[in-house]
1. Got a number for residues in region 64-76 being surrounded by 12 or more Cβ atoms within 10 Å (Cβ to Cβ) and closer than 15 Å to GLY53 by Cβ?
2. Looking at GLU66, is it charged (D, E, K, R) and in contact (Cβ under 8 Å) with a residue 60 or more places away in the chain?
3. Any residue in region 1-16 that is of a type in the set (A, V, I, L, M, F, W, C), in a helix (DSSP H, G or I) and touching a Phe, Trp or Tyr at 6+ places or on another chain (Cβ under 7 Å)?
4. Can you pull out the residues in region 77-96 that are free of Cβ contacts under 8 Å to residues at least 40 places away in the same chain and either acidic (Asp, Glu) or open to solvent by 60 Å² or more (accessible area, probe 1.4 Å) (or both)?
5. Have a look at LYS19, LYS4 and point out the one that is open to solvent by 60 Å² or more (accessible area, probe 1.4 Å) and over 17 Å from the mean Cα position of the chain (by Cα).
6. Residues in region 47-54: is at least one surrounded by 16 or more Cβ atoms within 10 Å (Cβ to Cβ) and within 16 Å of the chain's Cα centre (by Cα)?
7. Taking SER102 and the conditions (1) over 19 Å from VAL17 (Cα atoms); (2) out of contact with any Phe, Trp or Tyr (no Cβ under 9 Å at 6 or more places or on another chain); (3) open to solvent by 40 Å² or more (accessible area, probe 1.4 Å), which numbered condition does it fall short on, given that it satisfies the others?
8. Here's a check for you: in region 92-123, which residue that is in a helix (DSSP H, G or I) and hydroxyl-bearing (Ser, Thr, Tyr) is farthest from LEU35 (Cα to Cα)?
Amino acid sequence: MTKKWHRLLVLVTVSLVVKAAVFAFVWSADPDRVLAGDSFTYENPARALVERGAFSRDSAADAPPETLRTPGYPAFIASLYALFGPRREAVIVAQILVGTASVALVYLLALELWSARVALLVAG
């Protein structure tokens with residue numbers, strides 16, 4: 001294994017372990033702490049997508065269409081809810097994986113543009 005791939009493996013592993021440890025700690029202490037102030041503005045349209053097939057503010061039959069959020073992240077959440085049920089931990093785990101993959105992508109892009117030191121700094 002070359003140095004480039006070894007560094008990438010270390011970065012991805014550290015990122016994944018730290019994120020998973022923080023998630024496990026917070027989730028075990030209080031699962032509701034994972035919600036931010038605007039979490040429901042993403043989660044409710046996701047539930048509406050799964051339950052009614054409509055991009056609306058919530059899953060009620062008379063709910064107005066959602067016009068404040070773009071459908072990307074609610075659709076991501078809805079796809080996870082469709083696969084695993086309405087489980088917030090599934091969304092968080094998927095987000096951890098996406099975030100960890102972004103660390104790898106940033107490292108590889110920075111490595112192409114600059115040096116290995118800069119790539120480590122940027123990805124770190």
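The values are calculated or read from the model by the stated rules, or taken from the named source; none is laboratory data. Note that the structure is a prediction, hence the values are computed from the model and not measured. Ideal geometry is used to build each Cβ from the backbone, glycine not excepted, and the neighbour counts take in all protein chains shown. Note: accessible area is taken over every heavy atom of the protein model, side chains too, but ligands, DNA and RNA are not part of it. Shrake-Rupley method; radii C 1.70, N 1.55, O 1.52, S 1.80 Å.
1. Our first condition is that a residue be surrounded by 12 or more Cβ atoms within 10 Å (Cβ to Cβ); within region 64-76, this holds for 66, 69, 71, 73-76.
Next cut, closer than 15 Å to GLY53 by Cβ only: 66, 71, 74-75.
Residues that pass the stated criteria total 4.
2. no
3. For region 1-16, residues of a type in the set (A, V, I, L, M, F, W, C), in a helix (DSSP H, G or I) and touching a Phe, Trp or Tyr at 6+ places or on another chain (Cβ under 7 Å): present.
4. ALA82, LEU83, PHE84, PRO86, ARG87, GLN95
5. Numbers: LYS19 fails: over 17 Å from the mean Cα position of the chain (by Cα).
Only one candidate passes the filter, namely LYS4.
6. Within region 47-54 (the criterion being surrounded by 16 or more Cβ atoms within 10 Å (Cβ to Cβ) and within 16 Å of the chain's Cα centre (by Cα)), the answer is no, since none of the residues qualifies.
7. So SER102 meets the others, but not (1).
8. Applying the first criterion (in a helix (DSSP H, G or I)) to region 92-123 yields 92-113, 116-123.
Imposing the further condition that a residue be hydroxyl-bearing (Ser, Thr, Tyr) reduces the set to 100, 102, 107.
On the way: THR100: 20, SER102: 22, TYR107: 29 Å.
The qualifying residue farthest from LEU35 (Cα to Cα) is TYR107.
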